[in-house]
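Visitor: A single structure is presented below for examination.
The values are calculated or read from the model by the stated rules, or taken from the named source; none is laboratory data. This one's a predicted model, so the numbers in the text were calculated from it and none came from an experiment. Backbone-built Cβ (ideal geometry, glycine too); neighbour counts: all protein chains shown. Accessible surface is based on the protein model in full, side chains and every heavy atom, while ligands, DNA and RNA are left aside. Shrake-Rupley method; radii C 1.70, N 1.55, O 1.52, S 1.80 Å.
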Amino acid sequence: MRTDIFARLDREPEPPKIEVPRMTRTRLALFGGTSAFYLAIVVAVLLSTWLVTLDWKIMLFRPYQQWPELHAFLDYYVVLGQRGPTAVMVAAWLGWRSWRQHTLRPLLSLGAALLLLNVTVGAVKLGLGRLGPHYATQVGSAELFAGGDIFPSGHTANAVVTWGILAYLATTPRARRYLSALSAVVALGVGLTTVYLGTHWLSDVLLGWAAGLVILLALPWCEPVIAVVEAWILGLRDRLREQLRSRRRLVPSLPVATGGPLPGLFPQRPAASGEPVRETVGAGSGGRGPAGRGPGLPAPPLAAPRAHADRHAVRSERAPVGPAGSRRPPHSRPATGG
C-alpha cells in the first residue's frame, strides 16, 4: 500500500499552477542595496583602503596552520562551491522536477542563472586581474591588474547561485524559507572555507556573495525570455512528434501469403521477345489459353493481380483422388495433323 510520500514522487497529471516570482518593491530594494554594496567593495579594493589591510592580516594569520585538524574536511566541503559538480547535482534534481511538472522552467532558470554568473563574474575577474594570496608579491598591495582571476570569488558566487536557485524555484513559502536558509549557510561556509585554505582574500568572498545575490534578485527580469524559450522548445517537440506519427501512417502494410512472392523485392517482368511463352496455371489443353483464347494468341502477362496470384500460389495442381479414383474427366489429346 502506497503512502502520500511515495505518491508525491509520481508525475502529476497536468502542469501545476506555480506562481512566477515578480520584481516586487522589496526585491527591487534588495537588488539596489546589494548592487551598492558590490560597488563599494570594488572601490575599496581599488583604493587600497582598510579592507585590503584586513585581507593581508587574515592572510598572514594563516588559518590553515592555526587549525590544521579542519583541513581534511574543508578540502571536501569546498567542492560544494565548484561549478561542475554542483551544476550536475542541481540540474539532476531540477530535471526530475521538470519531468514531473510538465515544464522546462526549472532547467531554463538554472541555465539563465549560470549564464549570467559566467558573464558578469568572469568579466570582472578578467578586467581587474587580481592575484590570490598564494601569489601575492608585495605586502599591503591590492595585487590588481597583475594577470590574476581571483576577484570576486567564483566558488562563493557559484554557491550562492546554484543552491539559491532551489529556493527561487520553491513552490511553497515554507519550502522557500527553508531552502533560503540552507543555501545561505552553504554559501557562507564555502566562502569562509576559501579564506581558511588561503585561496581567496576576504574581500574576494564578500564580492562573491554580493555577485551571486545580485544574479538571484535579477532573475524575475529573465522570466519573459524563459517563457518564450520554453514555448518554442515545446512547440518544436510537438512538431517532431507529429511528423513521426505522419510518417508511420504513410508506411504501407501489405499482407504476404505463405509461399507467395514478396511485393517490390522481386518484381515480375513480362517475357521478352524470343523467349518461349509459358502457359499460366489453369490453362486448358490444346494450347488454348485461359478464358477461351485461341492457339495463336500469347498468354497474358505474368503480373497478375495480387489476390489472384496468392490464391493460385498455394493451390496444388494435383487432382483430388477419392476411393473411386480421380474425379477429373478424361479427355483426349488433340490429334496432330499431317
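Visitor: Would you check which residues across segment 45-69 are in contact with a helix residue (DSSP H, G or I) (Cβ under 7 Å, 6 or more places away or on another chain) and over 14 Å from GLU143 (Cβ atoms) and list them? If you could, list the steps in order and put the result at the bottom.
Guide: Step one: filter segment 45-69 for residues in contact with a helix residue (DSSP H, G or I) (Cβ under 7 Å, 6 or more places away or on another chain), giving 45, 51-52, 54-55, 58-59, 63-64.
Correct list: LEU54, ILE58, PRO63, TYR64.
Visitor: Moving on. Criterion first (assigned to a loop (DSSP other than H, G, I, E, B) and either over 32 Å from the mean Cα position of the chain (by Cα) or buried (at least 22 other Cβ atoms within 10 Å of the Cβ) (or both)) does ALA157 satisfy it?
Guide: Details: assigned to a loop (DSSP other than H, G, I, E, B): no; either over 32 Å from the mean Cα position of the chain (by Cα) or buried (at least 22 other Cβ atoms within 10 Å of the Cβ) (or both): yes.
Taking the combined requirement at face value, the residue does not satisfy it.
Visitor: Taking segment 93-108, which residues are open to solvent by less than 50 Å² (accessible area, probe 1.4 Å) and part of a helix (DSSP H, G or I)?
Guide: LEU94, GLY95, ARG97, SER98, ARG100, GLN101, ARG105, PRO106, LEU108
Visitor: For the subset of segment 174-211 comprising residues that are β-branched (Val, Ile, Thr) and under 15 Å from VAL161 (Cα atoms), which member is most open to solvent (accessible area, probe 1.4 Å)? Steps first, please.
Guide: Our first condition is that a residue be β-branched (Val, Ile, Thr); within segment 174-211, this holds for 185-186, 190, 193-195, 199, 205.
Then keep just the ones that are under 15 Å from VAL161 (Cα atoms); that gives 185-186, 190, 205.
Details: VAL185: 95, VAL186: 22, VAL190: 0, VAL205: 0 Å².
Across segment 174-211, the extreme among qualifying residues is VAL185.
Visitor: Counting only residues that are farther than 11 Å from ILE215 by Cα, open to solvent by less than 30 Å² (accessible area, probe 1.4 Å) and in a helix (DSSP H, G or I), how many does segment 111-131 have?
Guide: Of the residues in segment 111-131, 2 are farther than 11 Å from ILE215 by Cα, open to solvent by less than 30 Å² (accessible area, probe 1.4 Å) and in a helix (DSSP H, G or I).
Visitor: Residue check: is SER109 touching a residue at least 60 places away in the same chain (Cβ under 8 Å) and among the polar types (S, T, N, Q)? So that I can check it myself, show each step before the final result.
Guide: Working: touching a residue at least 60 places away in the same chain (Cβ under 8 Å): yes; among the polar types (S, T, N, Q): yes.
Yes; evaluated as a whole, the condition is true for this residue.
Visitor: Shifting gears a bit: Can you tell me which residues in segment 193-222 are outside any helix (DSSP H, G or I) and either farther than 16 Å from ARG83 by Cβ or β-branched (Val, Ile, Thr) (or both)?
Guide: Within segment 193-222, the first condition is being outside any helix (DSSP H, G or I), and the residues that meet it are 198-201.
Result: GLY198, THR199, TRP201.
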